[in-house]
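Engineer: Below is one structure. I have some questions about it.
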Amino acid sequence: MRPSGRNLSDMRPISIETGVLRHAEGSCLISCGDTRVLCSATIEDKAPPFLKGSGQGWVTAEYGMLPRATNSRNRREAAAGRQSGRTQEIQRLIGRALRAGVDRRALGERQIVIDCDVIQADGGTRCASITGGWVALRLAVNRLLKAGIITSDPIVDHVAAVSCGIYAGQAVLDLDYAEDSEAGTDGNFIMTGAGRLIEVQMSAEGATFTRSEMNQLLDLAEAGVAELVRAQNEAISCAS
């Protein structure tokens, strides 16, 4: 039995509320169970220096966690004067994932920055950031298209992410913190709407896993991402 009482293949309740920030070109608040992440997209009219003259754009991300997003206060990284290695790794992951769903030449020489701020954490914050970050990106691109600034849609597919793991000897979908902290195997699966893999992060936390178990986790992830894509579509439709 899972701590939450969910079936092995059940996602946590998903909600995506768009337009939560007045000034951002795209924004949403994504909730996956008790994990909540505020995602925003900012359009900058020039690409990074390393892309100058290339005709290509860029999508990047920043990630942070509010001090009381967890059950004890985390010190603000700004107070420490530097980002933790974990934060840097996560925001690079988010950027890589979102760029996989974008035709950067169609975007033109501009940059879109996705900010992901965790306001409450209960497992799966990086996955929620990617899923919600894509919605914010989609809304920002829609604004560019509507204004006629770009004429070809640079977004080629959805991007969403979900965690899966081996908990109490069973493959489970969408781990919350109680499961994540005890899982023998933990994985994050980032996929396109068409079901193609962008990135897989898997590790044996307490016990090694078999090829068969990995396949079970991939099957669960595919079903979970399909559910997330439906939630993304619903959110975008409501924002139109």
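Read-outs throughout are calculated quantities, based only on the coordinates presented, and are distinct from any laboratory measurement. The structure displayed is predicted, hence computed values, not measured ones. Cβ placement follows ideal geometry from the backbone for every residue including glycine, while neighbour counts extend to all protein chains displayed.
Engineer: What are the residue pairs meeting all of these: first residue in region 180-203, first residue among the aliphatic types (A, V, I, L, M), second residue part of a loop (DSSP other than H, G, I, E, B), Cβ atoms under 7 Å, and 6 or more apart or on different chains?
Structural biologist: Going by the 7 Å Cβ cut-off, the qualifying pairs are Ala183/Leu175; Ala183/Glu205; Ala194/Asp157; Ile198/Ala100.
Engineer: So, one more: Which of the residues belonging to region 13-27 are touching a strand residue (DSSP E or B) at 6+ places or on another chain (Cβ under 6 Å) and outside any strand (DSSP E or B)?
Structural biologist: Correct list: Val20, Leu21, Ala24, Glu25.
Engineer: Sticking with this structure for a sec: Only one of (1) closer than 20 Å to Asp10 by Cβ; (2) surrounded by 14 or more Cβ atoms within 10 Å (Cβ to Cβ); (3) out of contact with any strand residue (DSSP E or B) (no Cβ under 9 Å at 6 or more places or on another chain); (4) not basic (Lys, Arg) is not met by Asp153, so which one is it?
Structural biologist: Condition (1) is where Asp153 drops out.
Engineer: Considering only region 46-85, how many residues are surrounded by 12 or more Cβ atoms within 10 Å (Cβ to Cβ) and either assigned to a helix (DSSP H, G or I) or in contact with a His (Cβ under 8 Å, 6 or more places away or on another chain) (or both)?
Structural biologist: Going through region 46-85 one residue at a time, the tally reaches 2.
Engineer: How do the pairs read when you match residues in region 88-110 that are on the phi > 0 side of the Ramachandran plot with residues anywhere that are crowded, with 20+ Cβ neighbours inside 10 Å and in a loop (DSSP other than H, G, I, E, B), using Cβ under 9 Å and keeping only pairs 6 or more apart or on different chains?
Structural biologist: Gly108/Ala47; Gly108/Gly57; Gly108/Pro154
Engineer: Let me ask something else about it. Take the residues of region 87-111 that are more than 16 Å from Phe50 (Cβ to Cβ) and buried (at least 20 other Cβ atoms within 10 Å of the Cβ): which is farthest from the chain's Cα centre (by Cα)?
Structural biologist: The qualifying residue farthest from the chain's Cα centre (by Cα) is Val102.
Engineer: Would you pick out the residues in region 202-228 that are closer than 19 Å to Leu98 by Cα and touching a Ser or Thr at 6+ places or on another chain (Cβ under 9 Å)?
Structural biologist: Ala221, Gly224, Val225, Leu228
Engineer: Quick one: would you say Leu139 is of a type in the set (A, V, I, L, M, F, W, C), touching a strand residue (DSSP E or B) at 6+ places or on another chain (Cβ under 8 Å), outside any strand (DSSP E or B) and over 22 Å from Arg92 (Cβ atoms)?
Structural biologist: Spelling it out, Leu139 is indeed of a type in the set (A, V, I, L, M, F, W, C), touching a strand residue (DSSP E or B) at 6+ places or on another chain (Cβ under 8 Å), outside any strand (DSSP E or B) and over 22 Å from Arg92 (Cβ atoms).
Engineer: Looking at (1) touching a Ser or Thr at 6+ places or on another chain (Cβ under 7 Å); (2) assigned to a strand (DSSP E or B), which one does Gly123 not meet, given that it meets all the others?
Structural biologist: (2)
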